[in-house]
Amino acid sequence: MNKKIQLQDLGKKDYKSTWEYQEEIFKDIVDLKIKNRREELDLPTPNYLLFVEHPHVYTLGKSGDLENLLLNEKQLEAKGATFYKINRGGDITYHGPGQIVGYPILDLENFFTDIHKYLRLLEESIILTLAEYGLESGRSEGETGVWLGVGTPFARKICAMGVRASRWVTMHGFALNANVDLGYFDNIIPCGIRGKGVTSLNVELGVEKVDEQEVKAKIIKHLTELFEAEFV
């Protein structure tokens, strides 16, 4: 079992080209698994974590409702945003500057074959990262992602999650609001959940800007421990 995860920080990159890149890696891993099975080989399958920051974009998961996007095409254009219907779970979400997006493309057969556990560990890596900043966060029952103020009237989401998996290979992932312009969330019903707020790390800490590289390093540290992995 290959527990090494290749880390790639793509910097600022368009959503569509990143999605295509994810699909390419995903297909290569799935194809290798099929080859291993067909030819009775035992070639190790690679794992990746892509970090990226997208320009303003709204994405709708395969079970999502288009009515949760509150803008038409012209209004999207005016805001300099794009829109894609994609093949992950979940409803609508926003990606943009100041958001740390992580796409783990893992062969879970290298770690454990349990999608529920996989999602809980992704959430846990964010919960532990936020704890290092003195923030108590958690899960909201029946809603994927990481929240602050769970069980209070001030519940607010700080990290969205949506994944796709096939043959135990994962893609898509998490989006942690670090230094995000929260006004862009006003144009959607985030994740299709009405009446719940959205927040960003810098807002919660009362600072103008948090160091995103530092946040990424903390996430990697916790993923390393939780998945018993090695980043290369």
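Checking every one of the trypsin sites (Lys or Arg not before Pro) in segment 100-165 against DSSP loop status and a limit of 11 other Cβ atoms within 10 Å picks out no site at all. Shown for the chain are the DSSP H helices of 20 Å or more along their axis, judged by Cα atoms, with a mean Kyte-Doolittle hydropathy of at least -1.0: 115-131, 212-226.
Put simply, the Cα atoms of segment 10-145 extend 54, 37, 29 Å along their principal axes, the longest span coming first. Each Cα pair under 8 Å and six or more residues apart adds its sequence gap; the mean of these over the residue count of the chain is a relative contact order of 23 percent. Calculated mean residue ellipticity at 222 nm for the chain: -9500 deg cm²/dmol, from DSSP H runs with n ≥ 4 weighted as -39500 (n - 2.57), summed, divided by the residue count and rounded to 500.
For P(r) over Cα pairs in 10 Å bins from 0, in percent, the value calculated from this model appears in (1) 7, 28, 34, 20, 7, 3, 1, 0; (2) 8, 33, 37, 17, 4, 0; (3) 9, 38, 40, 12, 0 under label (2).
Rg over Rh for segment 70-124 works out to 1.10, both radii taken from alpha-carbon positions and Rh defined as the Kirkwood radius.
Looking at segment 1-94, the GluC sites (Glu not before Pro) that sit in a DSSP loop and have at most 12 other Cβ atoms within 10 Å of their own Cβ are GLU40.
Just so you know, all these numbers are worked out from the coordinates, no wet-lab data involved. For clarity, every value in this text was computed on a predicted model and none was experimentally measured. Backbone-built Cβ (ideal geometry, glycine too); neighbour counts: all protein chains shown.
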